[in-house]
Amino acid sequence: MASSGFARHYVDHAASSALRPSAAAAVRGAWEAVGNPSSLHASGRRARAILENAREQLADAVGALPAEVVFTSGGTEADNLVIAGGAGWGAGEGRPFVAASTVEHPAIAQSVRALGARAVWLGVDAEGLVTGAALDSLDERVAWASVMWVNNETGAVQPLGVVVEACRRAGVRVHSDAVQALGHLPVSFAASGLDAMTLSAHKVGGPVGVGALVVRRDAPLATVSHGGGQERTLRSGTVPVALAAGFAVAAAECVAALASERARLGALRARLAAGLTGAAGVRVNGPSGPGAVSPAICHVTVPGTRADDVLFLLDAAGIDCSTGSACTAGVHQPSDVLLAMGRSEADASASVRFSFGHATTVADVEAVLAAWPDAVARARAAYGPA
């Protein structure tokens, strides 16, 4: 319960989703098994069997081969591994540059930015989609390119087929952060043409602390994480068997329910978007065409406000939402995504994200709409004249 007496309504699943009961059960069951999966004794072999079963289950859920699944501590580590590993390989091959779109998650954006002069930025249009002109800039200098499947703020679905084709023409290996795609869009690694993609368990109702880099066996990545050589030497360290088991179960469950959940969440998003834009000047960000946006994300700009004010007022009314990515150490800054889309700094500082998951209900959406008019009016009054 909130301190104000309101029941909580959680609409921030893009930040972290509720743990699925099936995933919790899988974690508990695997935790009962003692043993390091790299050990050769019976207990180690039992742990290895649980781990490999999880690898196979996750691979099946995302259209990959089990050998292509590299478990990590989460999406951030997987993103860092592919950027650092891609840059390391490219430096020795005369392709020292790595490219990324200007609307990437901070895990990619900061990794590419750390390359300094070896970074190539792929611009986007007003809807946040990477442009053809940007893709045409890919050339023999570039080793790897990364364009996220679904934007974590606006929900924009990138034209991944076009991206992959452009990369192939330029001889560039291609990665996509698919963290926000899994469970909301059909995801098949084999069909995508990607060389690598990133997944994260806690965005689909799995446990926090585990993710995966799905990567083709022939994809050239330098090793940047040294140790015992686990996970194809790409990510050394003892794999958390119980977390991997929970991840695999959550992924399998969300993929099995994909068709019905897409329809259900899409209807909730449409209801929310219609209600939010009833307030003067409020507009939904991202593409509007069929299939062009995730059914699980609704991102709006509220002119004449500070996003933090709107967020705090909704929080007081029992609504859990976000001003954008939750991976920025709790410090709100103007949205880099909206700035890259050509929005003003004022608009980029006045945008709020609502996101859905398996536990979202109609009551959650109606609670947001009930609290919205007062929150917007009070936020505008605090900010000053619109």
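Just a few scattered comments:
- For the range 1-115, relative contact order (Cα pairs under 8 Å, six or more residues apart, normalised by length) works out to 11 percent.
- The range 31-179 - charge dipole about Cα centre, Lys and Arg +1 at Cβ, Asp and Glu -1, debye rounded to 20: 500 debye
- Ranked for footprinting exposure by Cβ neighbours inside 10 Å, fewest first, 305, 72 give 72, 305.
- Prolate/oblate/rounded call for the chain, Cα gyration tensor, a/c under 1.5 rounded: oblate
- Alpha-carbon centroids, the range 331-386 and the range 97-117: separation in whole Å: 26 Å
- Fraction of beta bridges assigned by DSSP in the chain that are antiparallel (%, nearest 5): 55 percent
- Rel. contact order, % - alpha carbon contacts under 8 angstrom, at least six apart, the range 21-256: 29 percent
- Choice from 296, 190, 350 showing the highest fluctuation, given a GNM over the chain with Cα pairs closer than 10 Å: 190
- Point-to-point label distance, residue 7-residue 113, nm (Cα→Cβ direction, 7 Å offset): 4.1 nm
- Inter-label distance for residue 190 and residue 259, nm, one decimal - labels placed 7 Å from Cα along Cα-to-Cβ: 2.0 nm
- Charge dipole of the chain about the Cα centre (unit charges at C-beta), most positive-ward option of 24, 92, 183: 24
- Longest site-free stretch - the chain; sites: trypsin sites (Lys or Arg not before Pro), DSSP loop, at most 15 other Cβ within 10 Å: 9-216
- Value at 222 nm in deg cm²/dmol, rounded to 500, when DSSP H runs of n ≥ 4 in the chain each add -39,500 (n - 2.57): -12000 deg cm²/dmol
- Shape of the range 263-325, Cα gyration tensor, a/c cut at 1.5: prolate
- When DSSP beta bridges are restricted to pairs lying wholly in the range 79-219, around 30% turn out antiparallel.
- Rel. contact order, % - alpha carbon contacts under 8 angstrom, at least six apart, the range 173-302: 21 percent
- Spatial offset of the range 2-52 relative to the range 230-252 amounts to 11 Å, using the alpha carbon center of each.
- Shape call, the range 227-386: gyration tensor on alpha carbons, a/c limit 1.5: prolate
- Per-pair calculated FRET efficiency, R0 = 22 Å: residue 67 and residue 45 via Cβ, rounded to 0.05: 0.70
- Given +1 at the Cβ of Lys and Arg, -1 at the Cβ of Asp and Glu and no other charges, the dipole of the chain around its Cα centre is 460 debye to the nearest 20.
- Only helices reaching 20 angstrom along their own axis (Cα) with mean Kyte-Doolittle hydropathy no lower than 0.5 count here, and for the DSSP H runs of the chain these are 241-256, 362-383.
Each value in this text was obtained by applying a stated rule to the coordinates, not by laboratory testing. A quick note: this is a predicted structure, and the numbers were derived from the prediction, not measured. Ideal geometry is used to build each Cβ from the backbone, glycine not excepted, and the neighbour counts take in all protein chains shown.
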